[in-house]
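For reference, the structure discussed in these notes is given below.
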Amino acid sequence: MGEQGLRGPERNDGRVRAPSRLSPGTNEVRPADHDDQAAARTLAQASVVPPDLVTFYNSIGDITWEDVGNGYFVDPAGDVLLRLKEYGSVDVGAGQKASGLVIGSNGGGLSYAAGPRGMVYRTRTASLDEPELDHVADDLRQFLELLERSLTRFVANGEPGYL
(Lines give C-alpha, C1' and ligand atoms only; values in the text may rest on other atoms or scores of the structure.)
Protein backbone atom coordinates (compact mmCIF):
# COMPACT_ATOMS: atom_id res chain seq x y z
CA MET A 1 0.00 0.00 0.00
CA GLY A 2 2.95 2.34 0.48
CA GLU A 3 2.82 5.89 1.78
CA GLN A 4 -0.70 6.49 0.43
CA GLY A 5 -2.20 3.48 2.24
CA LEU A 6 -3.51 3.14 5.76
CA ARG A 7 -0.31 1.47 6.89
CA GLY A 8 3.04 2.65 5.67
CA PRO A 9 6.18 0.56 6.21
CA GLU A 10 6.96 2.49 9.41
CA ARG A 11 3.43 1.88 10.80
CA ASN A 12 2.78 -1.75 10.13
CA ASP A 13 0.78 -2.26 13.33
CA GLY A 14 -2.67 -2.70 11.75
CA ARG A 15 -4.23 0.43 13.25
CA VAL A 16 -6.34 2.76 11.14
CA ARG A 17 -5.66 6.43 11.66
CA ALA A 18 -8.61 8.77 12.17
CA PRO A 19 -8.83 11.91 10.08
CA SER A 20 -6.90 14.77 11.65
CA ARG A 21 -10.08 16.83 12.12
CA LEU A 22 -13.66 15.63 12.04
CA SER A 23 -16.17 18.10 10.72
CA PRO A 24 -17.53 20.29 13.53
CA GLY A 25 -21.08 20.10 14.79
CA THR A 26 -23.35 23.04 15.48
CA ASN A 27 -22.05 25.26 18.26
CA GLU A 28 -24.07 28.39 18.79
CA VAL A 29 -26.17 30.56 21.02
CA ARG A 30 -29.07 31.47 18.76
CA PRO A 31 -30.89 34.77 19.37
CA ALA A 32 -34.63 34.52 19.95
CA ASP A 33 -36.88 35.14 16.99
CA HIS A 34 -40.57 36.10 16.96
CA ASP A 35 -41.71 32.47 17.42
CA ASP A 36 -39.39 31.97 20.41
CA GLN A 37 -40.71 35.14 22.05
CA ALA A 38 -44.32 34.10 21.45
CA ALA A 39 -43.60 30.69 23.04
CA ALA A 40 -41.93 32.46 25.99
CA ARG A 41 -45.08 34.57 26.52
CA THR A 42 -47.19 31.39 26.50
CA LEU A 43 -44.78 29.70 28.93
CA ALA A 44 -45.06 32.71 31.23
CA GLN A 45 -48.71 31.82 31.80
CA ALA A 46 -47.82 28.41 33.26
CA SER A 47 -47.33 28.39 37.02
CA VAL A 48 -44.30 26.09 36.80
CA VAL A 49 -42.09 28.51 34.85
CA PRO A 50 -39.51 30.60 36.71
CA PRO A 51 -39.59 34.26 35.62
CA ASP A 52 -35.90 34.34 34.66
CA LEU A 53 -36.51 31.50 32.18
CA VAL A 54 -39.11 33.64 30.41
CA THR A 55 -36.65 36.54 30.36
CA PHE A 56 -33.98 34.21 28.94
CA TYR A 57 -36.28 32.98 26.16
CA ASN A 58 -37.19 36.54 25.19
CA SER A 59 -33.53 37.02 24.22
CA ILE A 60 -32.07 33.58 23.54
CA GLY A 61 -33.70 31.09 21.19
CA ASP A 62 -31.58 28.10 22.21
CA ILE A 63 -28.06 26.95 23.00
CA THR A 64 -26.49 24.15 20.98
CA TRP A 65 -22.93 23.04 21.74
CA GLU A 66 -22.68 19.70 19.93
CA ASP A 67 -18.88 19.50 20.14
CA VAL A 68 -18.48 20.00 23.91
CA GLY A 69 -18.26 16.48 25.34
CA ASN A 70 -21.49 14.68 24.42
CA GLY A 71 -23.01 18.11 23.82
CA TYR A 72 -24.89 20.68 25.86
CA PHE A 73 -28.32 21.83 24.81
CA VAL A 74 -30.81 24.38 26.14
CA ASP A 75 -33.96 23.74 24.15
CA PRO A 76 -36.00 26.43 22.38
CA ALA A 77 -39.04 27.76 24.26
CA GLY A 78 -41.33 26.17 21.67
CA ASP A 79 -39.90 22.70 22.40
CA VAL A 80 -40.23 23.26 26.16
CA LEU A 81 -43.83 24.39 25.69
CA LEU A 82 -44.66 21.41 23.46
CA ARG A 83 -43.13 18.99 25.97
CA LEU A 84 -45.14 20.63 28.77
CA LYS A 85 -48.39 20.27 26.78
CA GLU A 86 -47.72 16.67 25.72
CA TYR A 87 -46.15 15.22 28.87
CA GLY A 88 -46.82 17.72 31.64
CA SER A 89 -44.32 18.91 34.17
CA VAL A 90 -41.61 16.91 35.92
CA ASP A 91 -41.60 16.32 39.67
CA VAL A 92 -38.53 18.15 41.02
CA GLY A 93 -39.64 18.22 44.65
CA ALA A 94 -37.86 16.58 47.53
CA GLY A 95 -40.69 14.99 49.46
CA GLN A 96 -43.34 17.40 48.23
CA LYS A 97 -44.67 17.54 44.68
CA ALA A 98 -42.97 20.47 42.99
CA SER A 99 -43.32 20.78 39.24
CA GLY A 100 -40.58 21.76 36.84
CA LEU A 101 -39.86 21.98 33.14
CA VAL A 102 -37.35 20.02 31.12
CA ILE A 103 -35.28 22.74 29.45
CA GLY A 104 -32.41 20.84 27.86
CA SER A 105 -29.95 17.96 27.99
CA ASN A 106 -26.30 17.05 28.10
CA GLY A 107 -26.35 15.01 24.91
CA GLY A 108 -25.63 11.85 26.85
CA GLY A 109 -29.23 11.11 27.78
CA LEU A 110 -29.50 13.22 30.92
CA SER A 111 -31.98 16.10 31.06
CA TYR A 112 -31.98 19.47 32.80
CA ALA A 113 -35.14 20.63 34.55
CA ALA A 114 -35.91 24.08 35.97
CA GLY A 115 -38.07 24.21 39.07
CA PRO A 116 -40.72 26.86 39.72
CA ARG A 117 -38.34 28.79 42.02
CA GLY A 118 -35.61 28.72 39.39
CA MET A 119 -33.39 25.90 40.68
CA VAL A 120 -31.94 23.71 37.94
CA TYR A 121 -31.64 19.94 38.28
CA ARG A 122 -30.06 17.18 36.19
CA THR A 123 -31.56 13.71 35.94
CA ARG A 124 -29.40 10.76 36.96
CA THR A 125 -30.89 8.54 34.26
CA ALA A 126 -32.49 9.10 30.87
CA SER A 127 -35.97 8.41 32.25
CA LEU A 128 -38.28 11.27 33.20
CA ASP A 129 -40.77 8.94 34.90
CA GLU A 130 -40.15 9.55 38.60
CA PRO A 131 -36.68 10.91 37.89
CA GLU A 132 -33.85 10.93 40.37
CA LEU A 133 -32.41 14.43 40.29
CA ASP A 134 -29.23 16.18 41.29
CA HIS A 135 -29.36 19.88 42.12
CA VAL A 136 -26.84 21.59 39.80
CA ALA A 137 -27.63 25.31 40.17
CA ASP A 138 -29.59 27.62 42.44
CA ASP A 139 -30.99 29.56 39.50
CA LEU A 140 -30.81 29.90 35.72
CA ARG A 141 -27.99 32.44 35.89
CA GLN A 142 -25.77 30.06 37.85
CA PHE A 143 -26.65 27.22 35.45
CA LEU A 144 -25.65 29.35 32.45
CA GLU A 145 -22.41 30.30 34.21
CA LEU A 146 -21.67 26.59 34.75
CA LEU A 147 -22.33 25.96 31.06
CA GLU A 148 -19.94 28.78 30.18
CA ARG A 149 -17.25 27.32 32.46
CA SER A 150 -17.73 23.93 30.81
CA LEU A 151 -17.23 25.50 27.39
CA THR A 152 -14.15 27.42 28.57
CA ARG A 153 -12.66 24.26 30.11
CA PHE A 154 -13.38 22.29 26.95
CA VAL A 155 -11.68 24.88 24.74
CA ALA A 156 -8.67 25.02 27.08
CA ASN A 157 -8.04 21.32 27.66
CA GLY A 158 -10.73 19.17 26.00
CA GLU A 159 -12.51 18.35 29.29
CA PRO A 160 -16.27 19.10 29.10
CA GLY A 161 -16.90 19.34 32.86
CA TYR A 162 -19.46 17.56 34.97
CA LEU A 163 -22.75 19.08 33.76
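The values are calculated or read from the model by the stated rules, or taken from the named source; none is laboratory data. Remember, it's a predicted structure, so these values are computed and weren't measured experimentally. Every residue, glycine as well, gets a Cβ built from its backbone with ideal geometry; the counts of neighbours run over all protein chains shown. All accessible areas refer to the heavy atoms of the entire protein, side chains included, with ligands and DNA or RNA removed. Shrake-Rupley method; radii C 1.70, N 1.55, O 1.52, S 1.80 Å.
Brief remarks on what is shown
- With the simple model of a label 7 Å out from the Cα in the direction of the Cβ, Arg149 to Ala38 spans 3.9 nm.
- Ellipsoid equivalent to segment 19-163 - semi-axes via the Cα gyration tensor, in Å: 25, 18, 13
- Calculated over segment 98-150, the projected area of the Cα convex hull averaged across directions stands at 3.5 nm².
- The label point for Asn27 and the one for Val136, both projected 7 Å from the Cα toward the Cβ, are 1.8 nm apart.
- Where segment 68-163 is the region considered: accessible area per residue in Å², 1.4 Å probe: 54 Å²
- Couplings 3J(HN,Hα) of segment 134-150, computed from phi: 10, 6, 10, 7, 6, 7, 4, 4, 5, 4, 5, 5, 5, 4, 4, 4, 4 Hz, in residue order, whole Hz [Karplus 6.51 cos²θ - 1.76 cosθ + 1.60, θ = phi - 60°; x for Gly and Pro].
- Distances between placed amide hydrogens fall under 5 Å for Ile60 paired with Ala32, all partners being 5 or more residues away or on another chain.
- Built amide H within the under 5 Å cut-off of Gly104, gap 5+: Asp75, Tyr112
- Between Ala98 and Asp129, the modelled labels are 2.5 nm apart [label points 7 Å from Cα along Cα→Cβ].
- Working note: Karplus 6.51/-1.76/1.60 with θ = phi - 60° gives segment 41-48 the couplings 5, 5, 4, 4, 7, 7, 6, 8 Hz, where Gly and Pro are set to x.
- Around the amide H of Asp67, modelled in the peptide plane, lie the amide H atoms of Gly25, all under 5 Å away and 5 or more residues distant in sequence or on another chain.
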